[in-house]
Every structure is written in C-alpha cells, then in structure tokens.
Amino acid sequence: MTYPREVVEALGAEPTPEQWRAISMPLEPSVVVAGAGSGKTSVMAARVVYLALAAMGRVEAGHAGVLPGNVLCLTFTNKATENLSLRVRRALLALDLDEGEEPTILNYHGFAAEIIERHGLLAGVEPGQRILSTAQRTELCARVLDEMTFRHVPSEWQPSVVTKILELAEQAANHRVTPERIIEFVRGRLEELRTISVSDRAYDAAREAYRQRLNESTPAN
C-alpha cells in the first residue's frame, strides 16, 4: 500500500497497519489504546495531516475531512502539548494551507481555563479566574498548614498531610460532594458495619481509621 507522502513525513516513517488504522479512521468517536513510547504523538500529528488532505481533496477518505483550524488536540502535560504542537506545525508546512490554519493544541487544564475565561459568566464565574496547577495547590495548602494546628494529627511532616488533603479535595470535586456529605456517608457506613460485624474489632478499626482521616482534614479552630 502506498501512503500519502505528507503522512509519512509527519509520522517519521511508513505507518504500521495499526497506526494507519488510527490515522485514517472515519469521522466518528473511537478510542486508540497504546502504551508508552508507541508513537501516539506522531500518530496524532499524522491524523491532523490526513484529515487536512481529505478536506483538500488530496486523498480519498470517504468523508469530507477536516481542516486544521477546526481540530482540537488535548494532551495531559505541558511537555506533550509542546511536542505535539511542534510536530503538527512541521507536518502542516508541506500542505500550503492558508495562514493561521492550524489546530488548537492544549492540555486539559489549559483548555478548561479557556472555557472558563470565555464562558464562565454563564456559570457565575467572573472573567480572570485561573485554575491552580498541582504545584500551586500544594504550595497553597502548605502555606495554610503553616498557619493552622490540628487537634490530633501532627503536621510536622507536611508532604503526607498535604497529599491527603489534596486527594480528598480532588475526589470531592470530581464527584461534586461536600465534606459534610462525606462525613454523613462515612458515619452511616460505620453504623451499618456495627450491625453486621460479629465482633467490635472491625467496627473499632474502621471507626479509628475514620477518626484519623477526619482529624487530618479538619483544622482546629
């Protein structure tokens, strides 16, 4: 099989059958599962090129294709974003596209920040708000701990306390659950455990674990 020259250049080599399937998939939802180092970034760049070639009528794709200006590429890290941006821009140079015809390439946090900036008012969020990175959240939590004391848990070794607080906050935010609801749920499960346990040992162990978690996440007044 002869592959489009532009796709081969974007990929850096002729695609494997599996890579070509991912690059040339129809315009419909699909999932590509690939491990680390398997060339996912190169395949994404080649996919953008392939869709552009289809939109320009330079390959037979069975669909209208998509010009790069209508493509959104999301990655997890800043490094991956920079890598993908560089690969895509290099690959698109050979297509003689109109100036500015390139995809939007962001990581998830950056994309979320843009949505909030543009449309946040619809959800009651004022423009200019920013999303804290993991490092910023850790620093902010550590600063708060410097000014707080806890009833039962020592906070001299702050990284472990910070990690537990941030994990709890992230899970609560992801599931849209308030701390009060979490406490209510855990207390309810403790009561269920009391009714089904054959001894008090399991209940006491669960209650102690709950008490420790609560102390670690609740500052003293």
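The values are calculated or read from the model by the stated rules, or taken from the named source; none is laboratory data. Computed from a predicted structure; not experimentally measured. In this analysis, Cβ positions are derived from the backbone assuming ideal geometry, glycine residues included, and neighbour counts consider all displayed protein chains. In case anyone asks, the SASA skips ligands and DNA or RNA and just uses the protein heavy atoms, side chains included. Shrake-Rupley method; radii C 1.70, N 1.55, O 1.52, S 1.80 Å.
Tabulated data
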item: Alpha-carbon centroids, region 98-123 and region 12-79: separation in whole Å; result: 20
item: Probe 1.4 Å, all protein chains present, accessible-area order of 25, 56, largest first; result: 56, 25
item: Residue-count net charge about residue 87 - beta-carbon cut-off 14 Å; Lys, Arg +1, Asp, Glu -1; result: +1
item: Residue 32 accessible area, assembled protein chains, probe 1.4 Å, Å²; result: 90
item: Quotient of C-alpha Rg and 2.2 N^0.38 Å, computed over region 1-128; result: 1.14
item: Normalised contact order of the chain, rounded percent, pairs of Cα under 8 Å and 6 or more residues apart; result: 14
item: Heavy-atom SASA rank of 108, 50 (probe 1.4 Å, accessible area, largest first); result: 108, 50
item: Heavy-atom accessible area per residue - the chain, 1.4 Å, Å²; result: 70
item: Residue-averaged [θ]222 nm for the chain, counting only DSSP H segments that reach four residues, each worth -39500 (n - 2.57); result: -18000 deg cm²/dmol
item: Compactness of the chain - radius of gyration and Dmax, Cα, Å; result: 25.3, 76
